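What follows is a short report on a single structure.
The values are calculated or read from the model by the stated rules, or taken from the named source; none is laboratory data. Being a predicted model, the structure only gives us computed values, none of them experimental. Note: ideal-geometry Cβ built from the backbone for every residue, glycine included; neighbour counts use all protein chains shown.
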Amino acid sequence: MRKHWPYYLTTGLVTLIALGGASQYLTMNDRIVAAFSYEMTGEHNAIGFPAWLIIPMGISKVMGAIALWAPFVPKWLREWAYAGFFLTLCSHSEHTLSTPSTLKMAMPLECSCQ
């Protein structure tokens, strides 16, 4: 147990992030619904996700968190859960950094570094 503490620490943090996001998705938080309905074009928002995906995405986050901790889950499924969380965090970071308000905020930082 002593030599595995980094694994348990990072797995615990990933689980907290996943369950926190899942609770936001499954309770249909106003911020999540607004993010999905921001700049609606037809049935899809600017990102291209339909709004009905909110609940399935929340369920998949809960299932991924269970896959990380359940002892009966095969190793390959646990690895895919980690990969799913990694891709989710990367895509959320990319979306956050590509929004116009974030770019306006980052511009002074970019100009001051030169």
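Of the residues making up region 1-48, just one is modelled with pLDDT under 70, surrounded by 10 or more Cβ atoms within 10 Å (Cβ to Cβ), polar (S, T, N, Q) and not in a helix (DSSP H, G or I), namely ASN45. Within region 1-33, which residues are under 16 Å from the mean Cα position of the chain (by Cα) and of a type in the set (A, V, I, L, M, F, W, C)? Scanning region 1-33 gives LEU13, VAL14, LEU16, ILE17, ALA18, LEU19, ALA22, LEU26, MET28, ILE32, VAL33.
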